[in-house]
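Since the structure comes first, as structure tokens, the remarks are kept for the end.
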Amino acid sequence: MTNYQFPEGFLWGGATAANQVEGAYLEDGKGMNLADVMPGGKVRLNVISKPGFDFKIDTEKYTYPNHDAIDFYHRYAEDIALFAELGFKTYRMSIAWSRIFPKGNELEPNEEGLAFYDRVFDECLKHGIEPVVTISHYEMPLYLITEYGGWRNREVISFFERYAIILFNRYKNKVKYWLTFNEINGATHLPIMSLGFSPATEDVRLQESFQGLHHQFVASSLAVKACHEIIPGSQIGCMLIYMPVYAYDCNPQNVLHAMKEEQVFNYICGDVHVRGEYPAFSKRFFRENGINIKMEEGDLETLKQYPVDFISLSYYMSRTEKKELTEAEKASGNLIAGVKNPHLQASDWGWEIDPTGLRIGLNQLYDRYRVPLFVVENGLGAYDTVEEDGSINDDYRINYLREHIKAMGEAIEDGVELMGYTAWGCIDLVSMSTGEMSKRYGLIYVDKYDDGSGTLERKKKKSFYWYKNVIATNGKELE
Ligand code: BGP
């Protein structure tokens, strides 16, 4: 038994994103989106981030695992029943924008798309599971990418606003918790996923990414405004990919460098969302990097007037930074390569495992912002083996989750206000960065493989039973 005091009503659950689970990519009027043209395999991010990528499907060269994914579109009732068996209080999911507005710029939404999410929410509510809904999770309608240039284009703000308003009106009696843009601060590193474009050259990457981000900030504020007006008592948060940045050593130059990375990567987005303004340090950073954000009159007031209610975050790893890196030092396998941290082990995909970093990150965020925090993604992507007797003994995943839940328990003890925890990929799904099925996060195994084969049968892993007990004891029993 632990002594952790997870608050009463703590939102334990799991998380997925539409494009990684639903499949049915052309069904019921859905339009094409970014995820539909992302090839499977480790080449994925390179292919789609190349300037000049044509956003076309090439089945001769690639596979497209998101097209069918794990067929949640048809199996949602079975899957939500399993979530209920786990005791989930909440299920974080996303809506595919292109199911609601197939091209993105229509005036009227697609009724069949709206009806699908009605069915999903009804199923959740039937089981007493509170949906937490991400409005945009890496799946911009393709038409907005190819015809408008993604979030580069200011016009996209009004398309997003219309989409968000449709959702709030339609689901106002079903959904109380909303998130705007998934991992919004990842935009500068992976603009294609977040912003729907790739800058033509490295020189303009920051300029274009921050311009796109500014459009998203305004769109987020307008969504906050609409959400509060349409759904009384609702709560809407931003979503950050949170990686605390460590200095490699106590050399002040390295500490300063790490501090700057932290400011730019984590706090510009946090400050605009929560404090409603660009931070003081951003002026110098923008100036020194030739970033000149075009704003319209009223933008800064809008940001100030409609800050988010809470911060949600994904947490997978910390980052370690050093000012001058030798070639050999460059290779951490993390999403954002810094220097390898000699104190940490890494997952099979090279992501450094650092539960203490979660405690550090939660403290940092809470100290700075004083708004409730919600960990909406965390988990271990790993190879699983199905034993002859059908069991899947994923002790490595249990260990990972246990240590991160302990870190949250400690953070709560430190004074952090934490709303909930949704384990990422609670059911196996298509990996975002590599399009693989073999990078599994689930508590529930799905019989589906990288080559597209598999029966789609669902099986409970050992971690399923373990997590069920964690929820049942509100984090008191973690062994
Ligand atoms: C986050 C994304 C998710 C997701 C997760 C794990 O960045 O919000 O969509 O998939 O990371 O990443 P991956 O699937 O690449 O292992």
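With respect to residue 278, is the statement that it is within 16 Å of the ligand (Cβ to nearest atom) and of a type in the set (Ser, Thr, Tyr) true?
Here the answer is no, as residue 278 does not meet what is asked.
What number of residues within the range 420-479 are within 13 Å of the ligand (Cβ to nearest atom), closer than 19 Å to residue 396 by Cα and not charged (D, E, K, R)?
Number of matching residues: 12.
Residue-by-condition table, conditions (1) of a type in the set (Phe, Trp, Tyr); (2) surrounded by fewer than 19 Cβ atoms within 10 Å (Cβ to Cβ); (3) in contact with a Ser or Thr (Cβ under 8 Å, 6 or more places away or on another chain):
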residue	(1), (2), (3)
359	no, no, no
362	no, no, no
373	no, no, yes
377	no, no, yes
381	no, no, yes
395	no, yes, no
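Report, by residue number, each residue of the range 194-214 that is touching a helix residue (DSSP H, G or I) at 6+ places or on another chain (Cβ under 7 Å) and either assigned to a loop (DSSP other than H, G, I, E, B) or within 16 Å of the ligand (Cβ to nearest atom) (or both).
194, 195, 196, 197, 198, 199
Taking the range 236-274, which residues are crowded, with 16+ Cβ neighbours inside 10 Å and in a loop (DSSP other than H, G, I, E, B)?
Hits for the range 236-274 are 242, 243, 244, 248.
Name the residues in the range 95-132 that are within 16 Å of the ligand (Cβ to nearest atom) and either surrounded by fewer than 24 Cβ atoms within 10 Å (Cβ to Cβ) or part of a helix (DSSP H, G or I) (or both), would you?
If the condition is that a residue be within 16 Å of the ligand (Cβ to nearest atom) and either surrounded by fewer than 24 Cβ atoms within 10 Å (Cβ to Cβ) or part of a helix (DSSP H, G or I) (or both), then 97 is the only one that fits.
Sort out which residues of the range 24-63 are over 20 Å from residue 109 (Cα atoms), without any contact (Cβ under 8 Å) to a residue 60 or more places away in the chain and part of a loop (DSSP other than H, G, I, E, B), and write them in order of number.
43, 52, 54, 56, 57, 58, 59, 60, 61, 62
Under 8 Å between Cβ atoms, which residue pairs at least 6 apart in sequence (or on different chains) link something in the range 348-376 that is on the phi > 0 side of the Ramachandran plot with a partner that is part of a loop (DSSP other than H, G, I, E, B) and within 16 Å of the ligand (Cβ to nearest atom)?
Matching pairs, first to second residue: 350/332; 350/333; 350/334.
Can we say residue 358 is touching a His at 6+ places or on another chain (Cβ under 6 Å), at pLDDT 95 or above and within 15 Å of the ligand (Cβ to nearest atom)?
yes
The values are calculated or read from the model by the stated rules, or taken from the named source; none is laboratory data. These numbers were taken from a predicted model, which means no experiment stands behind them. Glycine also receives a Cβ, built like all others from the backbone with ideal geometry; neighbour counts cover every protein chain displayed.
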